[in-house]
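Participant: Take a look at this one; I'll ask things after.
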Amino acid sequence: MLQQLRWSAGRVVSALITLLGVSILIFAAVRLMPGSYEDIILGPLASPEERAALAAAYGLDRPLVLQYFSWIGQIFSGDLGTSFVTQTPVAVELGARIPVTALLTVVALVITVAVGIPLGVWTGVRSGAKQGGAIGRVVSGLGISVPEFVLGSVVVFVFSRLALGIQVGGFSQVGAGFGPTVQALLLPAIVLSVFCVAASARTTRDAVMNVLVEPHIAAAVARGETPWHIVRHHVMRNAGIPILTLLATITAYLLGGAVIVETIFNIPGLGSFMVTGLDRRDFAVVQASVLFAATVFIVVSLVLDLITSALDPRVAVTGKAGS
Amino acid sequence: MLKLPRKRARVASGAALALGLACVLSSCAAPSGTGAGEQEEAAPGFLAVADDALDGQGALTVQLDYDTSEADGLDPATAQTARSWSIMGLVYETLVTADENFEITPELATSWEQPDDTTYVFTIDTTATFSNGRALTVDDVVGSLQRQVDSMSVWSGQMGPVESIEATGDDQVTVRLSSPYAPFLAALANTPAAILPMQEVEDGSLDLTTTMLGTGPYTVDAHRQDESWTFSANPNWRGGDDLAVQTLELQIVDQETTRQAALREGSAGLANFGSIDALTQLADAGDVRVVNQTQSDFYYVNVNSQVEGSPLQDQDVRFAINTAIDRQAIADIVFAGESAPTGVTPSNLPGACAVDALPSEQASLDDARQVIEDSGAAGTTLDMIVYTSEPVMGQIAQLVQQQLAEIGVTVNIEQFDTATYNARVFTAQPGDFDLSLGWFAGYVDPSMVTKWWNPEQAGFNVGFTGVHEDLNELITAGAEATDPDERATVLADLCATADEYSEIVPLVHRPSIIGYDSAELSPTIQSNEGYGDIFRDITAYRLPAASE
């Protein structure tokens, strides 16, 4: 128990150090990029004096270390800064966009769980049969290898050209009611979930196949249990940890902003916000967005680690789950 | 100096092949029968004319690209980009405007007189009101113009040598210049010279950087930067309260394919496109009509003469590069014939210089090759930088790369985002590049854009161009000449001189493709546009009654 607590505390400290590292990295990265906010907002026609005045107005002429500690101080006081471009608190801007990305994530996850896991179980159970193995390989191979920007562009083109009745090119008025919102998010969520379905199907299939060769499965078969009962009570329980781990990772990844899909479908979410902020060298926006995404990822990973160690105490001792 | 008046021979097949491959990969294709020169006009000077028989009123959704910036602030006086001019022009009006022939016509000034070359007397429409209900006064006009002149903004340089602005009657404003300045009215015709509610500005009740309040046909209901605008018809507009488009939803949609999809499926009534591919890709899209509006805007290549030790410090080398660049091939291959070459003065403006007469068009490729060999620049590798937000830049760069290879110059293309590009081209001193691609707004008077060839006036090009007194004198003379014949001669000399210095080399016009759903909207669209104003004729649009 003490060892487990010590291990959990170590994971929390490790997560905090990682977050600190991320904050330094992103702060330095946006400032090391060529071009600055003045280059974008003032354009090429501005004089050096105008650029200098604007940089001074936003404190961009101060030493980097001072700027960093000023930003970190703001973060600890709950202030994520103010967008240079919109002059709006970044927290307000994030508040408007995070629900959009979260909703997109939920819809994509629902599709992933509804399609990917049953497909993985089916192909895993039928791994010995030609049909199941082939379908599993084709689906996961295609889904993992087709880039989102290719699939997204094809979907936009096909659905708008064939007028299939699903909104593709319209501005996504997310929050305009359940119907319009789902309609706006359906295609992007499908595009987003293709990779996730493939990955979860493959992981589920491998996990199921690993469990199926365990002696207790042979014992269950010998006891005359039905295949469905064996899958539900013996296979899924034991294959659950890797599947849950993958789903948690996917969730954290999607919540961090589905940049490409949001851009292609013009969804005003976190990913497109981050890209726009980067293009305009809106430092406060980029720093806060990346830090948020990193925090989500690290916190989800941490929670998953803690749950896994609680379910399987060997994790805290050996650092990996037992089989 | 390389000046050999020989017919140039061009072997563009290799370049065409390479670009053809690029086009296959990027889906560009030659539109059939929709070339800018082949388009049928609905009326002289118009690609589309609104059907007056339609009497509906309602909402219109427009999707626009991000362009260089969605709108750079809310104060029209400091607006630098065409997108800002278009959006702010919905709310603000100017004293005069430009028609389909680039002639200056009345707007808030009902008429004007010019008693001599340097004096303009405007009669103001004092029946006009701001959207808060207050009547326009001559003080608003005087204050607005004075504010612009004093602002030291980019546009204040285009206003010319303004000496005084004063109210000379209840409805009369007189502007005096210190010397003749031909494009003065043209400068007044663009949004940065908008007439502002100066009474409210001066009493502090209005901050122009956060609130838009004008005499124009629309008022702002909502705005989310880089996402959307919602405008409503201004009931106090002097043109009447019967506008067909009562509500305008303007959406900023970065992806070209997404805007196409919106037009196809009917979620947008009008959209703009930067790529000529839209002409073919939307050709079979039901009621969607697509037109190619000729802009005075044009692409150019900067040839950096200011880096110590660079072969580009040699004017002959720069001219050889200029000679090797085939503008017509760029128009034909990259833009599938939907664009046209231009010199320093935009070729679609009245009085512009002839491109064929430029020294670089008269010189031959063999001579250019010889100059490169003699100068020791053969085998030189030049870095050409472009920005990624306008994909056609990469295609132009590829073709220029092919063209320069013909004279033994290797070009290494580098693509960056806009901030990096601006930092390397405009902020770095000297500019951190050899060649770079960009585009200029061409405006409505041929002498206006020529100022950008004078680094003492432009400022932004100090890092890559030198100061040339003869060219600067021609630029000044071009702006001062009011006699058409004299002006044409000066501008021809100006174009030739800038062409010989070869530091900013004009290429071809920048097309503007506009698509609209003809079942939902009957727009008026001019064949030519100088200020990139996609909403220039929005008050003339008509909607079918069903959209009420």
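The values are calculated or read from the model by the stated rules, or taken from the named source; none is laboratory data. Note that this is a predicted model, so its numbers are computed, not measured. A quick note on method: Cβ atoms are made from the backbone with ideal geometry, for glycine too, and the neighbour counts reach across all protein chains shown.
Participant: At least 2 residues that are surrounded by 15 or more Cβ atoms within 10 Å (Cβ to Cβ) and at pLDDT 85 or above in each: list the strands (runs of 3 or more DSSP E) lying fully within the stretch B:1-118 that qualify.
Facilitator: B:46-48, B:58-64, B:96-98, B:109-116
Participant: Give the number of residues within the stretch B:214-238 that are among the aliphatic types (A, V, I, L, M) and in contact with a Ser or Thr (Cβ under 6 Å, 6 or more places away or on another chain).
Facilitator: Going residue by residue through the stretch B:214-238, those that are among the aliphatic types (A, V, I, L, M) are B:220, B:222, B:233.
Keeping just the survivors that are in contact with a Ser or Thr (Cβ under 6 Å, 6 or more places away or on another chain) gives B:222.
So the answer is 1.
Participant: Continuing with this model, one more query. Residues of the stretch A:16-52 being away from every other protein chain (no Cβ under 12 Å), surrounded by fewer than 17 Cβ atoms within 10 Å (Cβ to Cβ) and hydrophobic (A, V, I, L, M, F, W, C), which ones?
Facilitator: A:16, A:17, A:19, A:20, A:24, A:25, A:28, A:29
Participant: Among the candidates B:150, B:221, single out the residue that is of a type in the set (D, E, K, R) and touching a Phe, Trp or Tyr at 6+ places or on another chain (Cβ under 7 Å). Walk me through it before giving the result.
Facilitator: On the way: B:150 fails: touching a Phe, Trp or Tyr at 6+ places or on another chain (Cβ under 7 Å).
Only one candidate passes the filter, namely B:221.
Participant: Which residues, taken from the stretch B:408-428, are part of a strand (DSSP E or B) and of a type in the set (A, V, I, L, M, F, W, C)?
Facilitator: Within the stretch B:408-428, B:411, B:413, B:416 meet the criteria.
Participant: Oh, and also: Taking the options A:234, A:229, name whichever one is away from chain B (no Cβ under 14 Å), more than 29 Å from residue A:34 (Cβ to Cβ), crowded, with 18+ Cβ neighbours inside 10 Å and without any contact (Cβ under 8 Å) to a residue 24 or more places away in the chain.
Facilitator: A:234
Participant: Which residue out of B:507, B:521, B:494 is surrounded by 20 or more Cβ atoms within 10 Å (Cβ to Cβ) and under 20 Å from residue B:287 (Cα atoms)?
Facilitator: Only one candidate qualifies: B:521.
Participant: Kindly provide the set of residues from the stretch B:205-233 that are within 12 Å of another protein chain (Cβ to nearest Cβ) and within 23 Å of residue B:255 (Cβ to Cβ), ordered by number.
Facilitator: Going through the stretch B:205-233, the residues within 12 Å of another protein chain (Cβ to nearest Cβ) turn out to be B:207, B:209-210, B:223-230.
Within the stretch B:205-233, B:223, B:224, B:225, B:226, B:227, B:228, B:229, B:230 meet the criteria.
Participant: Residues A:276, A:263: which one is assigned to a helix (DSSP H, G or I), among the polar types (S, T, N, Q), within 16 Å of the chain's Cα centre (by Cα) and within 14 Å of chain B (Cβ to nearest Cβ)? Before you say what the answer is, go through the steps one by one.
Facilitator: On the way: A:276 fails: within 16 Å of the chain's Cα centre (by Cα).
Answer to the selection: A:263.
Participant: Just to verify a result, which residue in the stretch B:162-204, among those that are buried (at least 18 other Cβ atoms within 10 Å of the Cβ) and among the charged types (D, E, K, R), is farthest from residue B:106 (Cα to Cα)?
Facilitator: This residue is B:200.
Participant: Considering only residues that are surrounded by fewer than 21 Cβ atoms within 10 Å (Cβ to Cβ) and either in a loop (DSSP other than H, G, I, E, B) or in contact with a strand residue (DSSP E or B) (Cβ under 9 Å, 6 or more places away or on another chain) (or both), which ones fall in the stretch B:356-374?
Facilitator: B:356, B:361, B:364
Participant: Does at least one position in the stretch A:30-49 carry a residue that is in a helix (DSSP H, G or I) and more than 19 Å from residue A:285 (Cα to Cα)? Please lay out each step first, then the result.
Facilitator: Looking only at the stretch A:30-49, we keep the residues that are in a helix (DSSP H, G or I), and these are A:30-32, A:37-41, A:48-49.
Remaining after also requiring more than 19 Å from residue A:285 (Cα to Cα): A:48-49.
Checking the stretch A:30-49: at least one residue is in a helix (DSSP H, G or I) and more than 19 Å from residue A:285 (Cα to Cα).
Participant: State which residue is farthest from the chain's Cα centre (by Cα) when the search covers only the stretch B:409-437 and only residues that are within 11 Å of chain A (Cβ to nearest Cβ) and aromatic (Phe, Trp, Tyr).
Facilitator: Ranking the qualifying residues of the stretch B:409-437, first place goes to B:416.
Participant: Further question: Does residue A:281 fit the bill of being over 30 Å from residue A:12 (Cα atoms) and either under 18 Å from the mean Cα position of the chain (by Cα) or among the charged types (D, E, K, R) (or both)?
Facilitator: For residue A:281, the condition - over 30 Å from residue A:12 (Cα atoms) and either under 18 Å from the mean Cα position of the chain (by Cα) or among the charged types (D, E, K, R) (or both) - is met.
Participant: Can you name the residue in the stretch A:90-145 that is among the basic types (Lys, Arg) and part of a helix (DSSP H, G or I) and is also modelled with the highest pLDDT among such residues?
Facilitator: A:97
Participant: Using the structure shown, decide if residue B:478 is of a type outside the set (Phe, Trp, Tyr), assigned to a helix (DSSP H, G or I), touching an Asp or Glu at 6+ places or on another chain (Cβ under 9 Å) and surrounded by 22 or more Cβ atoms within 10 Å (Cβ to Cβ).
Facilitator: Against the criterion (of a type outside the set (Phe, Trp, Tyr), assigned to a helix (DSSP H, G or I), touching an Asp or Glu at 6+ places or on another chain (Cβ under 9 Å) and surrounded by 22 or more Cβ atoms within 10 Å (Cβ to Cβ)), residue B:478 qualifies.
Participant: Here is a follow-up. Taking interchain pairs and intrachain pairs at least six residues apart, which have beta carbon atoms under 9 angstrom, with the first residue in the stretch B:270-284 and surrounded by fewer than 24 Cβ atoms within 10 Å (Cβ to Cβ) and the second at pLDDT 90 or above and hydroxyl-bearing (Ser, Thr, Tyr)?
Facilitator: Hits for this filter: B:272/B:512; B:274/B:512.
Participant: Quick check, is residue B:491 modelled with pLDDT of 95 or more, over 30 Å from residue B:86 (Cα atoms), part of a helix (DSSP H, G or I) and within 23 Å of the chain's Cα centre (by Cα)?
Facilitator: Judged against the criteria, residue B:491 is not a match.
Participant: In the stretch B:234-269, which residues are within 14 Å of chain A (Cβ to nearest Cβ) and charged (D, E, K, R)?
Facilitator: Hits for the stretch B:234-269 are B:249, B:254, B:256, B:259, B:264, B:265.
Residue-by-condition table, conditions (1) within 14 Å of chain B (Cβ to nearest Cβ); (2) under 21 Å from the mean Cα position of the chain (by Cα):
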| position | (1), (2) |
| --- | --- |
| A:73 | no, no |
| A:78 | no, no |
| A:84 | yes, no |
| A:108 | no, yes |
| A:115 | no, yes |
| A:144 | no, yes |
| A:150 | yes, yes |
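Participant: Might you check whether a residue that is outside any helix (DSSP H, G or I), within 14 Å of chain B (Cβ to nearest Cβ) and either surrounded by 12 or more Cβ atoms within 10 Å (Cβ to Cβ) or among the hydrophobic types (A, V, I, L, M, F, W, C) (or both) occurs anywhere in the stretch A:58-68?
Facilitator: So far as the stretch A:58-68 goes, yes, one or more of its residues are outside any helix (DSSP H, G or I), within 14 Å of chain B (Cβ to nearest Cβ) and either surrounded by 12 or more Cβ atoms within 10 Å (Cβ to Cβ) or among the hydrophobic types (A, V, I, L, M, F, W, C) (or both).
Participant: Considering every residue within the stretch A:244-257, establish whether at least one is outside any helix (DSSP H, G or I), under 15 Å from the mean Cα position of the chain (by Cα) and within 27 Å of residue A:156 (Cα to Cα).
Facilitator: Going residue by residue through the stretch A:244-257, those that are outside any helix (DSSP H, G or I) are A:256-257.
Filter again for under 15 Å from the mean Cα position of the chain (by Cα), leaving A:256-257.
Add one more test, that the residue is within 27 Å of residue A:156 (Cα to Cα), and what stays is A:256-257.
Looking for residues that are outside any helix (DSSP H, G or I), under 15 Å from the mean Cα position of the chain (by Cα) and within 27 Å of residue A:156 (Cα to Cα), one finds at least one in the stretch A:244-257, hence yes.
Participant: Sticking with this structure for a sec: Could you tell me whether residue B:519 is of a type in the set (Gly, Ala, Ser) and part of a loop (DSSP other than H, G, I, E, B)?
Facilitator: yes
Participant: Now, a different point. List the strands (runs of 3 or more DSSP E) inside the stretch B:185-278, counting only whole elements, that have at least 3 residues being closer than 28 Å to residue B:57 by Cα and over 23 Å from the mean Cα position of the chain (by Cα).
Facilitator: B:218-224, B:228-233, B:245-252
Participant: With respect to residue A:298, is the statement that it is modelled with pLDDT of 85 or more and away from chain B (no Cβ under 14 Å) true?
Facilitator: When the stated conditions are applied, residue A:298 passes them.
Participant: Please specify each residue of the stretch B:375-407 satisfying the condition of being modelled with pLDDT of 95 or more, surrounded by fewer than 17 Cβ atoms within 10 Å (Cβ to Cβ) and not in a strand (DSSP E or B).
Facilitator: B:405
Participant: Have a look at B:282, B:312 and point out the one that is modelled with pLDDT under 95 and hydrophobic (A, V, I, L, M, F, W, C).
Facilitator: After applying the criteria, what remains is B:282.
Participant: Within the stretch B:440-449, identify whether any single residue is modelled with pLDDT of 95 or more, part of a helix (DSSP H, G or I), within 30 Å of residue B:187 (Cα to Cα) and within 14 Å of chain A (Cβ to nearest Cβ), and answer yes or no.
Facilitator: Among the residues of the stretch B:440-449, at least one is modelled with pLDDT of 95 or more, part of a helix (DSSP H, G or I), within 30 Å of residue B:187 (Cα to Cα) and within 14 Å of chain A (Cβ to nearest Cβ), which makes the answer yes.
Participant: Look at residue B:543 and say whether it is within 26 Å of residue B:218 (Cβ to Cβ) and touching a Gly at 6+ places or on another chain (Cβ under 7 Å).
Facilitator: yes
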